[in-house]
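Colleague: Dumping the structure here so I can ask a few things about it.
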Amino acid sequence: MSAPMIHWVEQGEERSARWRSESGWPAPKKVVLADDTMNADTAYRLALDGTGLLWRGDFQNARQLLQALVRRLDQKSERNKRGNKATKKPAATLTEQFHRHRLAQLQRARLLAMLLIPFDADYGVPLRRAPDVKEACREAYGPAGEPFVASLRELLGLIGAHEWRRKGVFIAALDERIHPWYGVFSPVRGEYVELVAQAPLPAQATLAFDIGTGTGVLSAVLAHRGLQGVIATDMDERALGCAAANIERLGLLEQVQLVRADLYPEGRAGLVVCNPPWLPGKPSSAIEYAIYDPDSRMLKGFLAGLKDHLLDQGEGWLVLSDLAEHLGLRSREQLLGWIEAAGLEVAGRHDVRPTHPKASDPDDPLAAARTREVTSLWRLRVA
């Protein structure tokens, strides 16, 4: 499917360009030109109406304007927190609070996506003081083709992802770095990696499956622990490319095989590992598929297929946060019911408390749930 077009008037003429959004945002229906003379209040009002602001001024000034829009959103959020009680009742439950938080995040992202940047066919940005973003764009978008327009916020995300990819994320269990690609969830929450690095391996487990490999970090950890073979699966081509690059960089090509598959490869293994998205819900962008699992599809699919892909005495390792339980999105009884219905039993569980910054941030909207969060490695066997 070809990308949609956006249209605007410039110097009395109708102009158009392709709209590009890796986050999946729809193209703005109305676009006006904006430059260094536009003040933040005007920009905020137009963006609030869903009008795209195609920037023709200095690139660094566009970044400052984006920051000004963020400040206005923060001020509005702070006013609401202080208690616009006449128009908004406090959330009755953590579940309601979560849904309000998600809606606020979505509205915020849509407004900030209204500041637009033009790109030349070679990924050059034809604005004063614009940085060279060609490599970052090629990494995210692939080969250049034709001029297009994208949001400044997305471009800044591409630049940030390029830096993560260049520097990598240090993984203590490997004593090496994993280099995430744009759109592939970065293993910055190290507690789930440590669980896989430390749990006792099943007896005689020589082959493992890594379901939904992402960056390939868990495959690398399993290979590092001495498994003779690991088959890593994913449906996303970008994730498979990222995992392949990491596995090659770590010198593990002889141990790890990558397969494009929806959950399971063919055959059986003595160990099957899966770290599915932790929250049931609808992702609002491509990167959120690593966090949100619509109707718990991946979690249910992993459990339902595990029995048919385990060798005798083999184990399935389900690595899962219980944040969804504290938010009222899934109950422990539901999870245990799915495990039992799949013909499985719990052989053991290893727990760890998250150490990421949000886990101890009292100002986080979901702090009441995050402070109780536990990440678990469930050791599952055929009942």
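Colleague: Among the residues of the stretch 5-32, how many are of a type in the set (S, T, N, Q), open to solvent by less than 40 Å² (accessible area, probe 1.4 Å) and either without any contact (Cβ under 8 Å) to a residue 60 or more places away in the chain or within 11 Å of Leu116 (Cβ to Cβ) (or both)? Full working, then the answer.
Modeller: If we filter the stretch 5-32 for residues that are of a type in the set (S, T, N, Q), which is where we start, we get 11, 16, 21, 23.
Remaining after also requiring open to solvent by less than 40 Å² (accessible area, probe 1.4 Å): 21, 23.
Next, only the ones that are either without any contact (Cβ under 8 Å) to a residue 60 or more places away in the chain or within 11 Å of Leu116 (Cβ to Cβ) (or both) stay: 21.
Adding up the residues that qualify gives 1.
Colleague: I'm checking my understanding of the structure. Among residues of the stretch 273-301 that are within 15 Å of Thr233 (Cβ to Cβ) and part of a strand (DSSP E or B), which one is nearest to the chain's Cα centre (by Cα)?
Modeller: Among them, the one singled out is Cys274.
Colleague: Can I ask one more? If you go through the stretch 267-288 one residue at a time, do you hit one that is open to solvent by 10 Å² or more (accessible area, probe 1.4 Å), out of contact with any helix residue (DSSP H, G or I) (no Cβ under 9 Å at 6 or more places or on another chain) and polar (S, T, N, Q)?
Modeller: Checking the stretch 267-288: not a single residue is open to solvent by 10 Å² or more (accessible area, probe 1.4 Å), out of contact with any helix residue (DSSP H, G or I) (no Cβ under 9 Å at 6 or more places or on another chain) and polar (S, T, N, Q).
Colleague: Could you tell me which numbered condition Leu335 fails, if it satisfies all but one of (1) more than 27 Å from Gln198 (Cβ to Cβ); (2) under 24 Å from the mean Cα position of the chain (by Cα); (3) in a helix (DSSP H, G or I)?
Modeller: Condition not satisfied by Leu335: (1).
Colleague: Please count how many residues of the stretch 164-191 are of a type outside the set (Gly, Ala, Ser), within 16 Å of the chain's Cα centre (by Cα) and open to solvent by 20 Å² or more (accessible area, probe 1.4 Å).
Modeller: 8
Colleague: Now for a separate question. Would you please name the residue that is least open to solvent (accessible area, probe 1.4 Å), looking only at residues in the stretch 110-153 that are within 25 Å of Asp236 (Cα to Cα) and more than 25 Å from the chain's Cα centre (by Cα)?
Modeller: My answer is Gly145.
Colleague: Okay, moving on. Looking at (1) over 24 Å from Gln105 (Cα atoms); (2) assigned to a helix (DSSP H, G or I); (3) free of Cβ contacts under 8 Å to residues at least 40 places away in the same chain, find the lone condition where Ala239 falls short.
Modeller: Among (1) over 24 Å from Gln105 (Cα atoms); (2) assigned to a helix (DSSP H, G or I); (3) free of Cβ contacts under 8 Å to residues at least 40 places away in the same chain, the lone unmet condition for Ala239 is (3).
Colleague: Next question. Any residue in the stretch 164-176 that is aromatic (Phe, Trp, Tyr) and in contact (Cβ under 8 Å) with a residue 24 or more places away in the chain? Working first, answer last.
Modeller: To start, the set of residues in the stretch 164-176 that are aromatic (Phe, Trp, Tyr) comprises 164, 170.
Now drop any that are not in contact (Cβ under 8 Å) with a residue 24 or more places away in the chain, which leaves none.
Within the stretch 164-176, not a single residue is aromatic (Phe, Trp, Tyr) and in contact (Cβ under 8 Å) with a residue 24 or more places away in the chain.
Colleague: Among the residues of the stretch 327-383, count how many are surrounded by 13 or more Cβ atoms within 10 Å (Cβ to Cβ), β-branched (Val, Ile, Thr) and in contact (Cβ under 8 Å) with a residue 60 or more places away in the chain.
Modeller: Residues flagged as surrounded by 13 or more Cβ atoms within 10 Å (Cβ to Cβ), β-branched (Val, Ile, Thr) and in contact (Cβ under 8 Å) with a residue 60 or more places away in the chain within the stretch 327-383 amount to 3.
Colleague: Which numbered condition in (1) under 28 Å from His7 (Cβ atoms); (2) touching a helix residue (DSSP H, G or I) at 6+ places or on another chain (Cβ under 7 Å) is the only one that Leu156 fails?
Modeller: Result: Leu156 fails condition (2) only.
The values are calculated or read from the model by the stated rules, or taken from the named source; none is laboratory data. What you see is a predicted model; the values in this text were computed from it and never measured. A quick note on method: Cβ atoms are made from the backbone with ideal geometry, for glycine too, and the neighbour counts reach across all protein chains shown. Keep in mind that these areas ignore ligands, DNA and RNA; they rest on the heavy atoms of the full protein, side chains included. Shrake-Rupley method; radii C 1.70, N 1.55, O 1.52, S 1.80 Å.
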